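Worksheet: one structure, shown below.
The values are calculated or read from the model by the stated rules, or taken from the named source; none is laboratory data. The structure displayed is predicted, hence computed values, not measured ones. Here the Cβ positions follow ideal geometry from the backbone for every residue, glycine too, while neighbour counts run over all protein chains shown.
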Amino acid sequence: MSNDCPVLQKGQVLVMCAPSGTGKSTLVKKLRAEFPEIGFSISCTTRSPREGEVHGRDYYFLEKDEFTARRDKGEFAEWAEVHGNYYGTPAAPVKDMLLQGTDVLFDIDFQGAMQLRETFPDGLYVFLLPPSYAELEKRLKGRGTDSAEVIEKRLKNARKEMDAASNFDYWVINDNLDRAYTELRTIYLSGKSRRCNRPELLNNILKEWG
């Protein structure tokens with residue numbers, strides 16, 4: 001077989017969801033550190049920029065009329081209203097990255113993930129689970145950044161989010177960070193070998209068979 005056989009490797013969408021305090025941000029940072037080529041979608045928002053935020057790097061900051069017009073045209077892969085402000089992921093840039101072979105990572109909530117599934121049904125949808133209620137409570141209290149009322153609210157929300165875990169393809173329990181990362185890494189790498197991400201591989205090989 002020729003070594004210069006052209007192979008089209010499409011990018012894949014990796015979606016991660018988890019209750020607050022489960023350790024999702026740590027795992028996302030580890031994955032992006034090992035695989036810096038992974039793309040990260042830039043969202044649009046109608047809220048005002050915070051100190052240090054840059055348009056086009058942190059968010060695309062839009063007026064509400066522009067956001068709703070783009071939403072009504074179907075330009076967002078997912079969108080939501082949070083505390084009176086709109087947030088949304090433009091679909092076109094993500095599709096462009098995928099066609100160029102760039103994987104795209106989404107760190108998003110459940111509702112956004114379910115909207116993304118409609119646009120990107122072949123994505124990898126991962127739900128990160130805490131080992132127990134007691135451990136999640138311990139982690140939230142251990143951060144020392146939230147009041148008792150906020151922690152209680154996060155725990156109640158966690159229950160609702162856990163009920164939604166059945167909508168995801170993969171479950172990873174973060175009872176040990178290294179083991180959880182190994183599972184996430186395996187999911188990510190194995191996804192590259194799926195048929196949907198290598199649509200021309202078989203045809204390119206068979207061309208030499210006559």
Expected output for the range 100-120 (first residue buried (at least 19 other Cβ atoms within 10 Å of the Cβ), partner among the β-branched types (Val, Ile, Thr) and modelled with pLDDT under 90, Cβ below 8 Å, 6+ apart or cross-chain) is LEU116/ILE108
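Here's the yes/no breakdown for (1) in contact with a strand residue (DSSP E or B) (Cβ under 6 Å, 6 or more places away or on another chain); (2) within 28 Å of SER48 (Cα to Cα):
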{"site": "ARG71", "(1), (2)": "yes, yes"}
{"site": "GLY84", "(1), (2)": "no, yes"}
{"site": "PRO93", "(1), (2)": "no, yes"}
{"site": "LEU99", "(1), (2)": "no, no"}
{"site": "ASP109", "(1), (2)": "no, yes"}
{"site": "MET114", "(1), (2)": "no, yes"}
{"site": "PRO121", "(1), (2)": "no, no"}
Those residues of the range 60-85 which are more than 27 Å from LYS29 (Cβ to Cβ) and of a type outside the set (Lys, Arg) amount to LEU62, GLU63, ASP65, GLU66, PHE67, THR68, ALA69, ASP72, GLY74, GLU75, GLU81, GLY84
Among residues of the range 186-210 being touching a residue at least 60 places away in the same chain (Cβ under 8 Å) and not in a helix (DSSP H, G or I), the residue farthest from PRO130 (Cα to Cα) is GLU200
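Among the candidates TYR170, TYR125, TYR181, single out the residue that is under 17 Å from the mean Cα position of the chain (by Cα), assigned by TED's automatic domain parsing to the domain that holds LYS29, hydroxyl-bearing (Ser, Thr, Tyr) and buried (at least 20 other Cβ atoms within 10 Å of the Cβ). Step through it out loud before you land on a result.
Numbers: TYR170 fails: buried (at least 20 other Cβ atoms within 10 Å of the Cβ); TYR181 fails: buried (at least 20 other Cβ atoms within 10 Å of the Cβ).
Result of the check over TYR170, TYR125, TYR181: TYR125.
Taking LYS160, is it surrounded by fewer than 16 Cβ atoms within 10 Å (Cβ to Cβ), in a helix (DSSP H, G or I), without any contact (Cβ under 8 Å) to a residue 60 or more places away in the chain and over 21 Å from the mean Cα position of the chain (by Cα)? Spell out how you get there, then give the answer.
On the way: surrounded by fewer than 16 Cβ atoms within 10 Å (Cβ to Cβ): yes; in a helix (DSSP H, G or I): yes; without any contact (Cβ under 8 Å) to a residue 60 or more places away in the chain: yes; over 21 Å from the mean Cα position of the chain (by Cα): no.
When the stated conditions are applied, LYS160 does not pass them.
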The residue that is farthest from ALA18 (Cα to Cα), considering only those in the range 167-185 that are out of contact with any strand residue (DSSP E or B) (no Cβ under 9 Å at 6 or more places or on another chain), without any contact (Cβ under 8 Å) to a residue 60 or more places away in the chain and not charged (D, E, K, R), is THR182
* Within the range 23-37, is even one residue modelled with pLDDT under 95 and at positive phi? -> yes
Scan the range 78-101 and give yes if some residue there is out of contact with any Ser or Thr (no Cβ under 6 Å at 6 or more places or on another chain), among the basic types (Lys, Arg) and assigned to a loop (DSSP other than H, G, I, E, B), otherwise no.
no
Flagged in the range 45-77 as in contact with a helix residue (DSSP H, G or I) (Cβ under 6 Å, 6 or more places away or on another chain) and in a loop (DSSP other than H, G, I, E, B), in numbering order, are THR46
Do we have any residue at all in the range 178-185 that's modelled with pLDDT of 95 or more, of a type in the set (S, T, N, Q) and under 29 Å from GLN100 (Cα atoms)? yes
Here the qualifying pairs (Cβ atoms under 9 Å; residues six or more apart or on different chains; first in the range 23-44 and without any contact (Cβ under 8 Å) to a residue 12 or more places away in the chain; second among the basic types (Lys, Arg)) come out as none
Just to be sure before I move on: is GLU63 free of Cβ contacts under 8 Å to residues at least 12 places away in the same chain and either over 13 Å from the mean Cα position of the chain (by Cα) or surrounded by 12 or more Cβ atoms within 10 Å (Cβ to Cβ) (or both) in the structure I sent? no
